[in-house]
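Working notes, structure below.
Read the figures in this text as sums done on the coordinates, not as results from a lab. All figures in this text were calculated on a predicted structure; none of them were measured in a lab. With ideal geometry, Cβ positions are generated from the backbone for all residues, glycine too; neighbour counts draw on all protein chains shown.
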Amino acid sequence: MNEDQTLKQKKILLAQSEHAPVVIELMKDCITQVPLVAKTEWETIINTVTLDAQSTMLRAMVDLLEEIKKGKLHDDK
């Protein structure tokens, strides 16, 4: 990528490139591998909230990449 490109242009190029799925896979690699049901009720609650937050972030990234591919950043002023 060229140094003169804006961040918006770089985001568009990434979303449209073959590298976008790699970003998703890297995010999946960062997800904590914890059991949903733990030893105590409190640990189970913590694990559930953690997994929910991580899956929400992953889903948001996938959705954002799709929106950028469809021109979302072109429409933003």
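For the chain, complete DSSP H runs whose alpha carbons reach 20 Å or more along their own long axis and whose mean Kyte-Doolittle score is 0.0 or higher are 41-69. Taking the average, over residues, of other Cβ atoms within 10 Å as the packing measure, peptides 28-39, 8-19 rank 8-19, 28-39 from highest down.
Against the set [x] 1.11; [y] 2.60; [z] 1.47, the structure's computed Cα Rg over 2.2 N^0.38 Å falls on [z]. Short-range pairs are left out: with C-alpha atoms under 8 Å and at least six residues apart, the relative contact order of the chain is 40 percent. Between Thr6 and Ile45, the modelled label-to-label distance comes to 4.6 nm, taking each label 7 Å out from Cα in the direction of the beta carbon.
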